[in-house]
There are 2 protein chains.
Amino acid sequence: MIDCGEGTQVALRKSKVKFARVKHIFISHLHGDHFYGLIGLISTFTLLGREADLHIYGPKGIKEIITLQLKLGKAWTNYSLIFHELDSKAPQLIFEDEKVEVHTIPLDHRVYTNGFLFKEKPGERKLNLEAAVAAKIDNSYFRKLKTGADVTNRDGKLIPNESVTFPPDPPSSYAFCSDTAYKPEIVPQIQGVTALYHEATFLEEHLHLCEKTKHSTAKQAATIAKEAGVQQLILGHFSTRYSSLERYLEEARPVFENTHLAEDFKVFEF
Amino acid sequence: MIDCGEGTQVALRKSKVKFARVKHIFISHLHGDHFYGLIGLISTFTLLGREADLHIYGPKGIKEIITLQLKLGKAWTNYSLIFHELDSKAPQLIFEDEKVEVHTIPLDHRVYTNGFLFKEKPGERKLNLEAAVAAKIDNSYFRKLKTGADVTNRDGKLIPNESVTFPPDPPSSYAFCSDTAYKPEIVPQIQGVTALYHEATFLEEHLHLCEKTKHSTAKQAATIAKEAGVQQLILGHFSTRYSSLERYLEEARPVFENTHLAEDFKVFEF
């Protein structure tokens with residue numbers, strides 16, 4: 001889970017995502033709309049009898065806030081809460097398992113803020129069943145072929161892996177960048193990602209507010225997407241001052257065509 | 001406002017209560033369902049440009065939690081936030097103006113908890129217009145009559161106040177008691193209140209859970225209401241384990257007939 005504003009536990013329930021599936025929570029920064037729902041979610045996990053560890057990644061100070069509230073409520077969790085506090089201004093690898101890596105993307109906001117880059121690791125090669133059968137490879141080697149190894153066929157001949165397998169799907173990647181002023185320095189790090197979520201608080205008519213509030217316009221977000229050559233751009237964090245969200249698309253798409261708007265409970269598949 | 005669970009700002013908006021009308025917030029204890037929405041409400045007040053002072057009454061520690069979150073989010077309010085931290089185990093007068101007094105009601109819960117007793121002060125006497133006219137009292141004295149003073153009529157005769165006014169409505173009072181185990185010691189303090197809200201987490205079948213969790217049954221709440229001779233009892237803080245809330249009434253009403261169930265957005269007038 002990335003960020004956790006007030007009411008996240010209600011939204012999570014509504015979205016039908018199983019609470020137990022949430023094992024790692026990444027908090028970009030300590031403003032309320034990104035963070036005030038975390039303590040409630042943690043408490044509800046306790047009420048639901050959670051036993052699995054919960055890892056929380058976020059700015060330095062997050063551990064103090066959460067533990068102070070648990071302490072004053074005498075409401076310690078019955079599962080382990082493991083904090084990973086962040087204070088580096090350079091990108092960092094903060095999580096890795098066999099399938100995915102998570103890196104911070106340092107952003108430019110009024111308080112210390114990180115975006116997060118999720119990079120899937122390359123998957124297994126895919127079996128070319130027809131070619132493998134024709135090459136007289138025994139079924140028992142199919143598993144091994146997927147790992148990329150060459151194998152010996154029934155005639156004792158070594159068969160090169162590439163001749164009987166297809167390459168794996170290209171790994172997906174997702175960059176979450178919110179909240180931030182326009183920061184072109186992030187472009188190299190997010191180059192070519194499958195999907196970029198970038199905040200777009202303002203339209204161009206309020207460009208002058210970006211410097212003070214450290215937010216971006218839709219056009220700036222689209223410029224980042226274009227420069228980074230991402231596959232798709234998802235805009236969010238819209239100001240409530242505009243009557244129509246379509247205007248964000250109207251300003252972003254001339255710069256980066258494949259732009260979409262984030263909506264509550266909308267699912268983007270990639 | 002009494003207590004402020006997660007999502008209170010959303011509920012408040014839905015209830016159409018003007019945010020600016022909230023000037024004093026009384027927090028009974030530092031458990032999430034009574035308190036986790038406070039920081040979000042405070043932050044939203046800032047976004048809405050609030051300038052009026054906000055007074056917060058609650059257990060010792062509440063100031064540290066709130067200010068720590070504002071500090072780490074660099075999100076100081078642009079209005080004054082005035083904390084009144086409570087740690088006394090005896091009832092205290094914590095607020096008073098020309099219309100109302102607020103006293104704490106020390107309760108028995110897993111953490112330091114207070115209920116709150118709101119006592120309206122006696123209002124003005126009501127003019128008996130017919131009698132005042134008959135007694136030849138000039139209009140200009142009507143205001144003075146309401147304060148209880150005797151006045152001189154057009155003939156120079158002193159008219160006793162009671163002969164031309166009615167007594168004021170009896171002052172209302174409201175006792176909020178949540179969360180708490182059965183605590184008969186509160187009975188003298190809440191004697192005869194107009195309305196008592198008392199938690200009723202459990203039904204009698206789970207009476208054995210009350211001691212450990214420091215909650216009450218519906219019947220215990222009704223017993224408090226009966227002993228205190230209150231006018232009406234409102235039950236709330238129901239466990240989600242029961243399929244029907246009617247069962248709370250079935251167990252409370254044989255002990256105290258004028259019992260009602262609290263519901264989201266339900267208004268009780270008194």
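The values are calculated or read from the model by the stated rules, or taken from the named source; none is laboratory data. All values reported here derive from a predicted model rather than from experimental measurement. Glycine gets a Cβ as well: all are built from the backbone with ideal geometry, and neighbour counts include every protein chain shown. Note: accessible area is taken over every heavy atom of the protein model, side chains too, but ligands, DNA and RNA are not part of it. Shrake-Rupley method; radii C 1.70, N 1.55, O 1.52, S 1.80 Å.
Could you give the longest part of chain B that holds none of the trypsin sites (Lys or Arg not before Pro) found in DSSP loops with at most 14 neighbouring Cβ atoms within 10 Å?
Values: sites that count: B:Lys16, B:Lys18, B:Lys23, B:Lys60, B:Lys74, B:Lys89, B:Lys99, B:Lys136, B:Arg154, B:Lys157, B:Arg241, B:Lys266.
Between exposed loop sites, the widest span is B:158-240.
For chain B, what's the relative contact order in percent, using C-alpha pairs closer than 8 Å and at least 6 residues apart? Numbers along the way, then the final one.
On the way: 523 pairs, mean separation 32.3, N = 270.
After rounding, I find 12 percent.
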Exercise for the section: Once the label point is placed 7 Å from Cα along Cβ, list for A:Arg13 the distances to the corresponding points in the other copies, in nm, shortest first. Expected result: 1.9
Exercise for the section: Could you state the angle between the C-alpha long axis of helix B:218-228 and the longest principal axis of the C-alpha atoms of chain B, as a value from 0 to 90 degrees rounded to the nearest 10? Expected result: 30
Exercise for the section: Per DSSP H run of n ≥ 4, the term is -39500 (n - 2.57); total these for chain B, divide by its residue number, and report the mean residue ellipticity at 222 nm rounded to 500 deg cm²/dmol. Expected result: -6500 deg cm²/dmol
Exercise for the section: Report ³J(HN,Hα) in whole Hz for each residue of segment A:52-67, in order, from the Karplus equation J = 6.51 cos²θ - 1.76 cosθ + 1.60 where θ = phi - 60°; Gly and Pro get x. Expected result: 6, 4, 10, 9, 10, 10, x, x, 3, x, 5, 5, 4, 4, 5, 5
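Once you charge only the Cβ atoms, +1 for Lys and Arg and -1 for Asp and Glu, what is the size of the charge dipole of chain A about its Cα centre, to the nearest 20 debye? Intermediate values should be presented prior to the final figure.
Working: 33 positive and 35 negative charges, 161 e Å.
For this selection, approximately 780 debye.
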Problem - Label point 7 Å beyond Cα along the C-beta direction, distances from A:Lys74 to other copies (nm, shortest first) - result: 3.9
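Between their Cα atoms, which of A:Lys121/A:Lys146; A:Lys60/A:Lys89; A:Lys183/A:Lys226; A:Lys183/B:Lys71 are more than 19 Å away from each other?
Values: A:Lys121/A:Lys146 15 Å; A:Lys60/A:Lys89 12 Å; A:Lys183/A:Lys226 13 Å; A:Lys183/B:Lys71 25 Å.
Violating the 19 Å limit, Cα to Cα: A:Lys183/B:Lys71.
Over segment B:205-263, what is the relative contact order in whole percent, taking alpha-carbon pairs under 8 Å and six or more residues apart? Working shown, then result.
On the way: 56 pairs, mean separation 22.9, N = 59.
That works out to 39 percent.
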Practice task
Work out the length of the dipole vector of the protein assembly as shown about its Cα centre, built from +1 on the beta-carbon of each Lys and Arg and -1 on the beta-carbon of each Asp and Glu, and round it to the nearest 20 debye.
Solution key: 60
Problem - Average accessible area per residue (Å²) across the protein assembly as shown - probe 1.4 Å, nucleic acids and ligands excluded - result: 51
Practice task
Write down Rg/Rh for segment A:195-268, rounded to two decimals, with Rg from the C-alpha atoms and Rh from the Kirkwood relation over Cα pairs.
Solution key: 0.94
Practice task
Putting +1 on Lys and Arg Cβ atoms and -1 on Asp and Glu Cβ atoms, find which of B:Phe166, B:Val187, B:Gly236 reaches farthest to the positive end of the dipole of segment B:140-270.
Solution key: B:Phe166
Fill in the blank from the handout: On protein heavy atoms with a 1.4 Å probe, the accessible surface that disappears when A meets B, both sides summed and given to 100 Å², is 1900
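Place a +1 charge on the Cβ of each Lys and Arg in segment A:192-270 and a -1 charge on the Cβ of each Asp and Glu, then give the dipole magnitude about the Cα centre in debye, rounded to the nearest 20. Before the final figure, lay out each step's value.
On the way: 8 positive and 12 negative charges, 35 e Å.
It works out to roughly 160 debye.
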Practice task
Rounded to whole Hz and in sequence order, give me ³J(HN,Hα) for segment A:254-270 from the Karplus expression 6.51 cos²θ - 1.76 cosθ + 1.60, θ = phi - 60°, writing x for Gly and Pro.
Solution key: x, 8, 9, 4, 7, 10, 9, 9, 6, 9, 3, 6, 6, 10, 9, 9, 7
Fill in the blank from the handout: Along segment B:108-122, Karplus-curve 3J(HN,Hα) (6.51, -1.76, 1.60; θ = phi - 60°) to the nearest Hz, with x for Gly and Pro, reads 10, 9, 5, 10, 4, 9, 10, x, 9, 10, 9, 10, 5, 7, x
Practice task
Specify the inter-centroid distance of segment B:218-270 and segment A:14-70, based on alpha-carbon positions, in whole Å.
Solution key: 34
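When the accessible area of chain B is split by element with a 1.4 Å probe, what percent falls to carbon and sulfur? If you can, show how the numbers build up before the last one.
Values: 7140 of 13700 Å².
With neighbouring chains kept in place, the figure for chain B is 52 percent.
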